[in-house]
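The values are calculated or read from the model by the stated rules, or taken from the named source; none is laboratory data. For clarity, every value in this text was computed on a predicted model and none was experimentally measured. Quick reminder, even Gly has a Cβ in these numbers, built from the backbone with ideal geometry, and neighbours come from all protein chains shown. Just the protein is used for accessible areas: all its heavy atoms, side chains included, with ligands, DNA and RNA removed. Shrake-Rupley method; radii C 1.70, N 1.55, O 1.52, S 1.80 Å.
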Amino acid sequence: MPSPARRFSTDRFLFGGDYNPEQWPEEVWHEDVALMRRAGVNAATVGVFSWAALEPAEGVYEFGWLDRVVEVLHAGGVGVVLATPTASPPPWFTRAHPDAMPVGPDGVRLSHGSRDTYAVSAPAYRDACREIVQRLAERYGSHPALLAWHVHNEYGTLDWGEHAAAAFRRWLQRRYGTLTELNRAWYTSFWSQRYGDWEDVLPPRATQYLANPAQVLDFKRFSSDEMLQALREQRDVIRATGSAAPVTTNFMLPTWNHLEQWSWSAELDLVSVDHYLDTVGPDGETHAAYGADLTRSFGQGDPWLLMEQSSTSSTVPGRRAHKSPDRVIRNSLSYLARGSQGALFFQWRAPAAGSEAWHGGIVPHTGAGSRSFRGFEQLGAVLTAIAEAAEPPAEGPLVEADVAVLWHAEGWWATDAPQLPSDLLDYSSTVRAAHRALWQAGYAVDFAAPGADLSRYRLVLVPSMFALDGQAVRRLEEHLAAGGHLAVWPFTGYADEDLHVVPGGYPGRLRHLLGLHVEELHPLAAGDEVLLEGDGTGPLRGRVWSELVVPDGAEVLAAYAGGDLDGEAALTRHRVGAGVAHYVSTFLDEEPLRRWLTAVCAQSGARPVLGAPAPEGVEVVRRRGARADHLFVLNHSGVPVRVTGPGTDLLTSSAADAGLRVEPRGWAVLRTTERDGWSAEALEA
Ligand code: GLA
């Protein structure tokens with residue numbers, strides 16, 4: 001049976017973004033739609049923060065303006081992604097329901113004045129959400145312009161107040177059944193924390209010293225589940241009205257991680273994400289790929305939607321760098337190549353005032369006579385030219401990958417705890433580093449949930465997953481038994497799902513697979529490094545971590561050179577049945593990590609997209625399609641590249657059999673039915 005996400009298939013890529021007409025007089029709407037048509041925009045996300053405009057007083061509704069907006073867009077050929085406005089309850093709601101405002105861990109109750117200010121467990125909030133969603137769904141649910149429902153916006157407001165405490169207790173009762181079991185899981189014999197009455201169990205509020213890590217982790221699990229329940233309620237209200245449009249909510253990657261995305265994705269018809277580059281420079285391109293691969297994987301390889309990316313610049317610190325038009329196009333193509341059905345932006349028109357006045361828009365403050373707007377017109381033309389690539393294949397994933405990286409929010413949450421053996425352990429950077437190395441080496445990559453079926457992969461990477469449950473371990477065992485390769489990083493598999501350390505030598509969950517045990521942990525201070533020698537590829541430099549590894553059958557490929565661990569095993573390989581388990585006991589720097597992983601990939605039989613690594617700074621992705629595949633070639637480098645193979649560029653109609661030149665910071669999208677016979681080389685500038 002096709003997954004629900006597969007329902008989302010469009011015959012062209014969506015292009016557009018957040019549209020906030022309530023900020024502008026009506027004559028501007030008409031100018032907006034004329035400009036949208038000029039740029040080829042075909043999708044507008046409307047209503048994201050419109051609650052106060054739709055319901056200015058409790059029970060008083062004003063839909064007239066939205067009716068007109070939808071009609072103006074529809075008449076202009078622009079589809080509507082209609083948001084439910086529940087991320088921002090209006091001021092009257094606070095006065096009527098002060099208890100529905102969130103409380104921080106320090107006991108301070110927030111008030112309105114910004115956005116995202118709600119206590120998700122408060123009955124009044126949930127009732128109000130269902131009510132406004134019901135009215136929207138009844139009114140617009142079968143409108144021909146409706147492309148999708150965008151429920152809420154970036155769920156993620158946590159609450160430590162009384163409503164949350166009651167819901168947390170109910171959640172814990174479902175998970176553990178009895179207080180005895182909760183006491184066991186939370187290890188409450190430590191520091192006199194044993195609970196004798198459910199009423200004593202609280203969210204992890206501000207306390208004197210370190211909080212109980214199992215309680216903190218459970219609170220994060222609970223908060224994700226509670227927000228998911230709120231999403232389900234809205235989805236069910238929408239479906240009950242008979243609206244057939246797919247339902248999504250936008251995840252936020254990668255800095256913000258309050259949701260357990262695998263369980264959320266299973267409830268959505270379409271997985272979507274807001275993705276902002278975390279850095280300027282070429283590493284931004286590896287970051288776009290990371291966000292895209294994660295999101296596609298959350299949706300089990302089906303089409304997904306890039307709901308937001310920055311149009312030119314953002315007001316958020318760290319994301320303020322201006323994106324040039326060519327970068328906007330290359331980034332958009334990277335998301336599309338990796339499975340997005342569209343390139344949507346935050347936002348259509350830069351606001352005149354408010355907290356995000358300095359956030360760029362497709363139409364900037366300077367207006368449509370600008371370089372950046374001309375860039376968006378060019379993007380529109382590119383998307384029209386490559387429209388055929390939007391049609392997904394009848395079955396199978398959009399991108400075929402031989403390599404998977406295990407990813408789970410709990411790995412991140414567990415590693416966020418204070419008082420781990422090192423303060424430098426960083427889940428997201430470690431996983432990102434593994435993905436970046438594979439990007440640089442030219443491999444397609446999926447992410448997989450611990451415990452998921454891994455049979456389609458030749459190589460599985462576990463860069464960081466402190467706690468692993470029994471099912472996750474069984475899947476890794478099966479993977480190796482079937483001849484797969486596994487690569488594991490430090491501080492992985494040390495604990496079970498309750499964060500209880502498995503005794504007998506680290507990593508207790510994986511010792512039998514790796515053929516070793518770790519006797520001592522030697523975390524490094526910031527700035528310190530270790531050298532590994534012996535694998536034949538030259539010295540490998542690592543940071544953050546080292547440890548005393550005792551092989552129990554594993555072959556030692558490289559040993560520590562110098563320091564306390566001089567001569568001790570550092571990099572190992574262990575045959576398990578038909579498979580091989582690789583282990584690295586430090587966090588390698590970028591270049592040695594790429595070297596090690598390239599060797600591991602080759603041993604596992606994984607193939608790079610082109611059959612060989614692409615030139616430096618060149619990204620090549622194969623997106624499978626209905627009648628043919630499409631090879632997206634994105635030249636992020638400063639030198640021209642020649643790509644050669646059995647395909648035709650949709651943008652220039654040039655055949656690539658004898659070589660196609662892709663300019664510096666340029667792109668090509670090649671229709672092909674052949675997987676083999678492709679190569680790319682850098683040319684002299
Ligand atoms: C988020 C939100 C948007 C906007 C942008 C700014 O992704 O969804 O409403 O605030 O950030 O970058």
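Per residue, the convex hull spanned by the Cα atoms of region 184-299 amounts to 162 cubic angstrom. When both bridge partners sit in region 403-604, DSSP labels roughly 65% of those beta bridges antiparallel.
In plain terms, the bigger the Kirkwood radius, the slower the diffusion; for region 551-685, with that radius from Cα pairs, at 10 °C and 1.306 mPa s, Stokes-Einstein puts D at 91 µm²/s.
Size check on region 616-685: the Cα extents along the three principal axes, sorted descending, read 35, 21, 20 Å. Computed from phi, the 3J(HN,Hα) profile of region 407-422 under the Karplus parametrisation 6.51, -1.76, 1.60 (θ = phi - 60°) reads 9, 7, 4, 5, x, 5, 4, 5, 7, 6, 5, x, 6, 7, x, 9 Hz, with x in place of Gly and Pro.
In the chain, what percent of the accessible surface is made up of carbon and sulfur (1.4 Å probe, ligands and nucleic acids excluded)? Carbon with sulfur: 50 percent of the solvent-accessible area.
Given in Å, the Rg to one decimal and the Dmax to the nearest whole number for the Cα atoms of the chain are 25.8, 76.
Using every pair of separate Cα atoms, the Kirkwood estimate puts the hydrodynamic radius of region 388-439 at 13.9 angstrom. The dipole here belongs to the chain: it is taken about the Cα centre, uses +1 on the Cβ of Lys and Arg and -1 on the Cβ of Asp and Glu, and is about 1220 debye. The H on the amide N of Asp402, modeled in the peptide plane, is under 5 Å from the matching H of Ala444, Arg607, each at least 5 residues off or on a different chain. For the pair Gln229 and Thr279, the difference between a 0.36 nm per residue extended length and the Cα-Cα distance amounts to 14.6 nm.
For His485, the amide hydrogen comes within under 5 Å of the amide hydrogens of Leu459, Val460, Val580, counting only partners 5 or more places away or on other chains and with H modelled in the peptide plane. Summary value for the chain: 11 percent relative contact order, contacts being C-alpha pairs under 8 angstrom separated by 6+ residues. Only Cα pairs under 8 Å and 6+ residues apart enter the sum, and on that basis the relative contact order of region 618-682 stands at 37 percent. Accessible area per residue for the chain is 37 Å², calculated with a 1.4 Å probe on protein heavy atoms, without ligands, DNA or RNA.
Seen from a random direction on average, the alpha-carbon convex hull of region 479-567 projects onto 7.0 square nanometres.
Amide H contacts of Asp552: Leu516, His517, each under 5 Å away and 5 or more positions distant or on a separate chain (H built 1.01 Å from N in the peptide plane; Pro and chain starts excluded). The coefficient of translational diffusion for region 403-604, derived via Stokes-Einstein from the alpha carbon Kirkwood radius under 4 °C and 1.567 mPa s, stands at 78 µm²/s. Calculation over all alpha carbon pairs of region 454-498 in 5 angstrom steps from 0 returns a P(r) of 6, 23, 29, 26, 14, 3, 0 percent.
Within the chain, what percent of beta bridges assigned by DSSP are antiparallel, to the nearest 5?
Details: 52 of 97 bridges.
The antiparallel fraction comes to roughly 55 percent.
Dimensions of region 148-202 from C-alpha coordinates, computed as largest minus smallest value along each principal axis and given longest first, are 49, 20, 17 Å. Share of pairwise Cα-Cα distances greater than 20 Å in region 306-390 is 31 percent (whole percent).
Express the Stokes-Einstein translational diffusion coefficient of region 30-161 in µm² s⁻¹, to the nearest whole number, given a Kirkwood radius over alpha-carbon pairs, 25 °C and a viscosity of 0.890 mPa s. This corresponds to a translational diffusion coefficient of 155 µm²/s.
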